[in-house]
Amino acid sequence: MSQQSLLYLSRQDVEEINLPMIKIIDALEAMFFEKGNNKVEMPPKPGIHTEKDSFIHAMPAYIPSLGAAGMKWISGYPSNQAKGLPYITGLLILNDPRTGFPLAVMDATWITAKRTGAATAVAAKKLARVNSSTVGIIACGVQGRSNLEALASVFKIKNVKAYDLYPEVAKSFSRNMEQTLGVEIKIVDHPRKCMVSDIVVTSGPILREPNPVIKSGWLPQGAFASAVDFDSYWQGSALFEVDKIATDDIDQMEYYRKEGYFKETPKAYADLGDILVGRKPGRENDHERTFCINLGIALDDMATAIMIYRAARKRGIGRELPF
């Protein structure tokens with residue numbers, strides 16, 4: 001490639017490459033192992049906030065073992081949904097680690113959805129019971145779909161309970177995921193009914209001042225929960241019942257705590273990197289309630305984007321753009 005040009009990958013291009021979920025899970029697992037061994041670079045993500053509960057974040061990261069370096073510029077606007085627009089939009093830039101030159105600019109929407117689900121699967125492999133077969137999905141949007149897809153890639157899921165504030169969203173989720181994954185999905189009329197599951201995922205919008213509905217006593221013994229919406233669905237009393245709370249990055253979680261999030265959330269005992277390298281234990285018995293708060297880190301994105309870039313080059317997908 002000439003260093004006077006870069007590859008542009010639209011959302012359609014990224015979706016056409018259609019990187020398999022299991023490959024993303026494997027890449028993230030390898031990345032968290034590197035993170036646990038302090039062989040990556042990822043500063044805290046700075047951001048701006050132009051509307052209530054909205055964000056636009058810059059997310060740089062470098063994974064030497066994968067040759068992946070770059071930054072994601074990502075936004076999340078809950079009010080977009082009422083306008084018929086996606087909640088999450090953004091772009092990702094990959095750079096050549098040897099020269100610093102940009103290699104590619106690509107749409108980040110598909111990447112953000114898939115890598116978030118993959119991170120839940122990585123956490124579940126260490127924190128959920130190995131024979132987990134039932135899943136509860138609370139909030140059935142893009143993240144609900146990608147999280148279920150990822151979990152079904154590593155567990156033998158038999159049935160799913162799904163809840164959404166908007167019944168039509170839950171119905172669409174049920175139709176799509178039953179056809180895609182071949183699992184039975186039951187739509188329920190209250191989030192508590194999703195909690196009677198081996199694995200629970202909450203995937204609503206991230207809110208600075210949430211009105212959480214999940215109460216103490218709802219999460220059963222032995223269950224694993226993944227909150228990809230920070231703690232927006234979880235009351236503090238429910239979280240203090242959990243035996244182990246992990247996260248994808250402890251420093252980032254503490255940064256958010258200083259910014260006004262996680263006001264009633266206990267501190268995490270480990271980051272996924274600590275668990276992957278064996279520095280901290282994962283699940284230790286079948287009775288523990290375990291929990292992971294995946295904040296969404298730039299390392300996830302770089303581990304995924306480098307595979308998309310290489311596949312695009314190999315298959316001739318995308319447009320070459322001059323500087």
**Complete:** With the first residue restricted to segment 273-289 and required to be surrounded by 12 or more Cβ atoms within 10 Å (Cβ to Cβ), and the second required to be of a type in the set (V, I, T) and assigned to a loop (DSSP other than H, G, I, E, B), Cβ contacts under 8 Å at 6 or more apart or on different chains are R289/V242
**Asked** Does G182 satisfy being more than 26 Å from H287 (Cβ to Cβ), crowded, with 22+ Cβ neighbours inside 10 Å and either modelled with pLDDT of 95 or more or not hydroxyl-bearing (S, T, Y) (or both)?
**Response** no
**Item:** Members of segment 150-164 that are without any contact (Cβ under 8 Å) to a residue 60 or more places away in the chain, of a type outside the set (D, E, K, R) and in contact with a helix residue (DSSP H, G or I) (Cβ under 9 Å, 6 or more places away or on another chain)
**Value:** L151, A152, F155, I157, V160, A162, Y163
**Complete:** If we ask which residues in segment 167-194 are touching a helix residue (DSSP H, G or I) at 6+ places or on another chain (Cβ under 9 Å) and among the hydroxyl-bearing types (S, T, Y), their number turns out to be 1
**Prompt:** Hey, does segment 32-51 have a residue that's assigned to a strand (DSSP E or B), closer than 20 Å to D271 by Cα and out of contact with any helix residue (DSSP H, G or I) (no Cβ under 7 Å at 6 or more places or on another chain)?
**Reply:** yes
**Item:** Members of segment 101-115 found to be β-branched (V, I, T) and surrounded by 24 or more Cβ atoms within 10 Å (Cβ to Cβ), listed by number
**Value:** I111, T112
**Message:** Here are the criteria: (1) aliphatic (A, V, I, L, M); (2) in the same structural domain as L272 (by TED's automatic domain parsing); (3) touching a residue at least 40 places away in the same chain (Cβ under 8 Å). Tell me which single one M106 does not satisfy.
**Reply:** (2)
**Item:** Among (1) among the hydroxyl-bearing types (S, T, Y); (2) surrounded by fewer than 17 Cβ atoms within 10 Å (Cβ to Cβ); (3) out of contact with any helix residue (DSSP H, G or I) (no Cβ under 8 Å at 6 or more places or on another chain), the one test that S65 misses
**Value:** (3)
**Request:** Tell me, please, whether a residue that is more than 18 Å from the chain's Cα centre (by Cα) and either over 30 Å from R208 (Cα atoms) or crowded, with 16+ Cβ neighbours inside 10 Å (or both) can be found in segment 73-82.
**Result:** yes
**Message:** Looking only at residues that are farther than 22 Å from T247 by Cβ and of a type in the set (S, T, Y) in segment 126-152, which one is surrounded by the fewest Cβ atoms within 10 Å (Cβ to Cβ)?
**Reply:** S133
**Request:** Residue by residue through segment 240-261, note down the ones that are over 18 Å from S226 (Cα atoms) and among the hydroxyl-bearing types (S, T, Y).
**Result:** Y255
**Asked** How do the helices (runs of 4 or more DSSP H) wholly within segment 213-323 filter down when requiring 1 or more residues that are farther than 20 Å from I138 by Cα and either assigned by TED's automatic domain parsing to the domain that holds I22 or of a type in the set (K, R) (or both): which remain?
**Response** 250-258, 298-315
**Prompt:** Which one is farthest from D198 (Cα to Cα) among residues in segment 162-177 that are of a type in the set (A, V, I, L, M) and assigned to a helix (DSSP H, G or I)?
**Reply:** V169
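The values are calculated or read from the model by the stated rules, or taken from the named source; none is laboratory data. All of these numbers come straight from a predicted model, not from anything done at the bench. Cβ: placed from backbone, ideal geometry, glycine included. Neighbour counts: every protein chain shown.
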